[in-house]
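Scroll down for the structure; my scribbles are underneath it.
The values are calculated or read from the model by the stated rules, or taken from the named source; none is laboratory data. Keep in mind it's a predicted model, so treat the numbers as computed, not measured. A quick note on method: Cβ atoms are made from the backbone with ideal geometry, for glycine too, and the neighbour counts reach across all protein chains shown. All accessible areas refer to the heavy atoms of the entire protein, side chains included, with ligands and DNA or RNA removed. Shrake-Rupley method; radii C 1.70, N 1.55, O 1.52, S 1.80 Å.
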Amino acid sequence: MLSVLSYGRLVARAVIGGLSQTDSRDYSLVTASCGFGKDFRKGILKKGMCYGDDACFVARHRTADVLGVADGVGGWRDYGVDPSQFSGTLMKTCERLVKEGRFVPSNPVGVLTTGYYELLQNKAPLLGSSTACIVVLDRQSHTLHTANLGDSGFLVVREGEVVHRSDEQQHYFNTPFQLSIVPPGSEGAVLSDSPDAADSSSFDVQLGDIILTATDGLFDNMPDYMILQELKKIKNSNYESIQQTARSIAEQAHDLAYDPNYMSPFAQFACDNGLNVRGGKPDDITVLLSIVAEYTD
C-alpha cells in the first residue's frame, strides 16, 4: 500500500512529465487567398484585398496571425452606394489595428468592434453594410479565437474531417446579420447589428490543421464533402500547394454558381424555406486557405 508521501511523489512526477510533453513551439498560419467578383475575372483583385464586394486581409503580429473576410451587402448599389467601400474599409481598418498591436488575440470581437466604431467616427462619409468573420491564431497558446457575424465563416479540418466550424447567423432567409452605417434619420429602416452579436469561439489547433475562411459565395455553392475532396490536394504546408488548392476551390465554386441544374446548398436552403429554387448562386467568392505550421521568423 502506498504511503501518502509516495503517492504524492508519483502524482508530481506524472504532472511534471505531462508538462514536459507540452509543445512549446510557436505556431503560425501559412495562408493563401483566391477569389473573384461575379462581375470580374477569376482571381483578379478589384482594389486592395477585394474580390467584387467582398474584402479580406491577412495580418501578422508578433503574438498572433489574424485573418478576416467581409461581404458587402449588394443592395446598397440600388441607392448609388458602392458596397465594396464599406467591406473594404472595414477590413483595412481591422488589418491596421492588428499591425499596430491594438488588439488582444483572445478577443477577436474586440478587433471587429474597434474597427467598426472607427468607421462610425470617420469624418469622411461612408455608407453600407457587410458581414464579417475574424480568425486569430494565438501563437503561444495554439488557440484559434474567432468571431463571426452573418453568413461568412470558417472550417477547421483535421485528418480529412471538419472538427470545428462557425455558425451562420441569419435574421431570416438570405438576410444575414450585418454591420451597417446608414444615413442620418434612416436608423431602424436598415438592418444593423452590433459587433457584440458576433458568434465567438475558441478552439485548440494542431500542426497540420487546415483552416478555410470564406464568404458565403463559397459555402452557398459547395457543400462540405466537395470542399474536403479539394483539400485532399494539399500535400504539405508549402505556400504554392496551398495557393493552388485555394484557386481550385474558388474556381469550382464559381463554376457551380452558374450551373442552373445543380442543387446547391443555397438552393436546398431556399427549398427548406418554401421556395422553389434550383441551381447555383452567382456571387462574389473569397477564399482564405491556411495551414497551421511551426512559426519561423
* Magnitude of the Cβ-charge dipole of the stretch 94-245, K/R +1 and D/E -1, about the Cα centre, nearest 20 debye? -> 500 debye
* **Rg to Rh quotient for the stretch 105-189, alpha carbon positions, Kirkwood Rh** => 1.06
* Asked: Between their Cα atoms, which of 38/92; 92/235; 92/123 are more than 25 Å away from each other?
  -> 92/235
* Relative contact order (percent, whole number), the chain, Cα cutoff 8 Å, 6+ residue spacing -> 22 percent
* Structure fact -> Carbon and sulfur atoms account, in whole percent of the 1.4 Å probe accessible area of the chain, for 51 percent
* To do: For the chain, state the semi-axes of the equivalent ellipsoid (square roots of 5 times the eigenvalues of the alpha-carbon gyration tensor), sorted largest first and rounded to whole angstrom.
  => 36, 23, 18
* Asked: Across the Cα atoms of the stretch 64-113, what radius of gyration and what greatest pairwise Cα-Cα distance (Dmax) are found, in Å?
  -> 12.9, 39
* **Surface accessible to a 1.4 Å probe, per residue, for the residues of the chain, Å²** => 48 Å²
* Quick one: ranking 100, 187 by accessible area, 1.4 Å probe, largest first, what do you get? -> 187, 100
* Asked: Binned at 10 Å from 0, what are the whole-percent values of the Cα-Cα distance distribution for the stretch 128-278, short to long?
  -> 10, 33, 35, 18, 4, 0
* Only Lys, Arg (+1) and Asp, Glu (-1) charged, at Cβ; the chain dipole about Cα centre in debye -> 840 debye
* Structure fact -> CD proxy, 222 nm, the chain: helix-only mean residue ellipticity via -39,500 (n - 2.57) per DSSP H run with n ≥ 4, per residue, nearest 500, stands at -9000 deg cm²/dmol
